[in-house]
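Step one of this worksheet: look at the structure below.
The values are calculated or read from the model by the stated rules, or taken from the named source; none is laboratory data. Please read all numbers here as calculations on a predicted model, not as lab measurements. Virtual Cβ from ideal backbone geometry, glycine too; neighbours counted across all protein chains shown. Note: areas computed on protein heavy atoms with side chains; ligands, DNA, RNA excluded. Shrake-Rupley method; radii C 1.70, N 1.55, O 1.52, S 1.80 Å.
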Amino acid sequence: MASFYVENFGCRATQADGAAIERQFEERGLTRSDAPAQSEIVVLNTCTVTAAADQDARAVIRRIRRENPGCQIVVTGCYAQRAPEEIASLPGVSRVIGNSHKHQLAEIVVAARRQDDVAGIAARPDFVPLSSLAPGEPLSEIFVSDIFAHTELLAAPVFDAAGRGANNERTRPNLKVQDGCDNRCSFCVIPYVRGQSRSLPLDQIVDEVKALVGAGYREVVISGINLGRWGRDFDTPLRFETVVHEILRQTNLEKLRISSVEPMDWSDELIRMMAHSPRIAKHAHVPMQSGSDRVLRAMRRKYRPWHYRQKLEKIRDAMPTAAIGADVMVGFPGESEADFEETQRMIEELPFTYLHVFTYSSRPGTPAIDLLDQVPVQIARERNRILRKLAAEKKLSFMQAFVGMTVEAITLNVFDGVSTEALTDNYLKVRLQGEHRANQWVKALVEQVESGALIAVLPSN
């Protein structure tokens, strides 16, 4: 029986796609390997959000070819969709399958292994393979077409990276319920490699959550590329609040965690639902990108700094102990020192508990690549360092407020011989003294903060 291995790069959406690819192979009778060196088929599910992401994928292709020269290397994902010929020219690559055909990936690979006529698959109306390598180059098969013509959405729960241990216990499944994006931020390549916004049907979401609850999972994370736009693409449009409400109404899920939602999709209703329901994790991730109005306009973001400030203040007023995080970009073309200082000041003033800070990376095909006044690399890196330091200070201050308090957390399948890792409702890492079974809710007394975690013990009865 053939073996496969899927290696994912990048965001949670990519990991969810990888879980769906694994499901495709398993449904066809293939077995999952523990490592690429032991596998006959290695699928690299790539990211292309930065130049570094592309470089990482190329490095892994070279490493796998060196360690396992007899395997088939199949490259899929966002990098494969954006630059298929570039990847196909790399030694060792057998097939390049873009996001446009990711839903058929196992079908293509298995058919080829059985020496079936791949042209028979290619003849299907929705299947457009392209092979445009220069004459004389080794031919890698390419299956990529217009991503905007596709409406498929891969959906399978993905688990925490640390979720498989010796006892195979897994925790905190993440379910992608939306893909693609209809926004056109000037720096972002994602719409061009993932296509238009499309949503998983409500009944399918409820069924997936029910299955996870039935399997014993207590917390589920719902995610998407532009999660707050869920339901807008249906013939009869629905709002994101609907899917949250129906998961709570139709399932017995103990805790629902909502991943990143764009600022203008944080409606008063959504904030109220999160604040009032003990079954929704008190955790709001609200992408910011910049605190400068001029930069936000150049980025083609759909809100102004004062809109953003209002949303965060509403979230904090409704949930005083909630985790509030954001994505922030530095070094966008034309970002002046004054623009950066506006961002820094806004971060200082707002109640963030953590930040993901990124340095701008120019992406082919995006409007921002043609903007003048690119920020020198050394200046962008220094701005990144400043904001990371500020974020670390704000996170530490937030965590220290819980010393001496009892917090509720779900145990993860991570034990280092001394303590068990857990995660609080409001997204704080806990190290719980002793070994504890995974996927259990515990109430723990916080004694101190150390190395980015709350050090806690179970209170004595």
**Request:** For residue 275 and residue 429, calculate 0.36 nm times their separation in residues minus their Cα-Cα distance, and state this gained length in nm to one decimal.
**Result:** 53.3 nm
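Can you give the convex hull volume per residue for the Cα atoms of the stretch 201-248, as a whole number of Å³?
Working: hull volume 3.5 nm³, N = 48.
For the stretch 201-248, the hull spanned by Cα atoms encloses 73 Å³ per residue.
When every alpha-carbon pair in the stretch 321-461 is counted, what percent end up more than 27 Å apart? Walk me through the numbers before you get to the answer.
Numbers: 3862 of 9870 pairs.
In whole percent, the long-distance tail amounts to 39.
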**Prompt:** Using only the Cα atoms of the stretch 298-386, what do you get for the radius of gyration and for Dmax, in Å?
**Reply:** 14.4, 43
**Message:** At 1.4 Å probe size, with the rest of the protein present, what percent of the exposed accessible area of the stretch 166-260 is carbon and sulfur atoms?
**Reply:** 45
**Asked** Using 7 Å Cα-to-Cβ label points, what is the residue 370/residue 317 separation (nm, one decimal)?
**Response** 4.3
**Fill in**
Note on the chain: C-alpha Rg/Rh, Kirkwood Rh, two decimals, gives 0.97
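Over all directions, average the projected area of the Cα convex hull of the stretch 1-46 and note it in nm². Working shown, then result.
On the way: hull surface 11.6 nm².
Over all viewing directions, the stretch 1-46 projects a mean Cα-hull area of 2.9 nm².
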**Asked** Alpha carbon centre of the stretch 218-251 versus the stretch 411-425: separation in Å?
**Response** 29
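In units of 2.2 N^0.38 Å, what is the alpha-carbon radius of gyration of the stretch 1-96? Don't skip to the answer; put the middle values down first.
Numbers: Rg = 12.5 Å, N = 96, 2.2 N^0.38 = 12.5 Å.
For the stretch 1-96, the normalised Cα radius of gyration comes out at 1.00.
Given only helices, namely DSSP H runs of n ≥ 4 each adding -39500 (n - 2.57), what is the per-residue ellipticity at 222 nm of the chain, to the nearest 500 deg cm²/dmol?
Numbers: 14 runs with 153 residues, N = 461.
Calculated at 222 nm, the ellipticity per residue is -10000 deg cm²/dmol.
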**Request:** Take the Cα atoms of the stretch 378-461, build their convex hull, and give its volume per residue in Å³.
**Result:** 106
**Prompt:** Expressed as a whole percentage, what fraction of the accessible surface of the stretch 25-92 belongs to carbon and sulfur atoms when a 1.4 Å probe is rolled over the protein heavy atoms?
**Reply:** 45
**Asked** Tell me, what is a quarter of the convex hull surface for the C-alpha atoms of the stretch 316-358, in nm² with one decimal?
**Response** 3.3
**Item:** Where the chain is the region considered: accessible area per residue in Å², 1.4 Å probe
**Value:** 43
**Message:** Given the whole protein assembly as supplied and a 1.4 Å probe, what does the accessible area of residue 207 come to in Å², nearest 10?
**Reply:** 90
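Per the Kirkwood formula on distinct C-alpha pairs, the Rh of the stretch 267-339 is how many angstrom? It would help to have the intermediate numbers written out before the result.
Values: mean 1/r = 0.0742 Å⁻¹.
Averaging 1/r across every pair of different Cα atoms and inverting gives 13.5 Å.
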**Item:** Chain lengthening between residue 206 and residue 356 when straightened (0.36 nm per residue, less Cα-Cα)
**Value:** 51.0 nm
**Request:** Return, in residue-number order, each cysteine of the chain whose C-beta is not under 4.7 Å from any other cysteine's C-beta.
**Result:** 11, 47, 71, 78, 181
**Complete:** From the cross-link list 395/429; 210/314; 176/389; 255/311, the entries with a Cα-Cα span beyond 21 Å are 210/314; 176/389; 255/311
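Can you tell me the length gained on complete extension of the stretch residue 348 to residue 113, counting 0.36 nm per residue apart and subtracting the Cα distance? Intermediate values should be presented prior to the final figure.
Working: separation 235, 0.36 × 235 = 84.60 nm, distance 5.65 nm.
My answer for the length gained is 79.0 nm.
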**Solvent-accessible area of residue 358 with every protein chain in place, 1.4 Å probe, in Å² to the nearest 10** = 100
**Asked** Against the longest alpha carbon principal axis of the chain, how many degrees, from 0 to 90 and to the nearest 10, is the axis of helix 51-67 turned?
**Response** 60
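Net charge within 12 Å of residue 254 by Cβ-Cβ distance, Lys/Arg positive one each and Asp/Glu negative one each, not counting residue 254 itself?
Residues close to residue 254 contribute a combined charge of +2.
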**Item:** Heavy-atom accessible surface of the stretch 321-434: percent carbon and sulfur, 1.4 Å
**Value:** 53
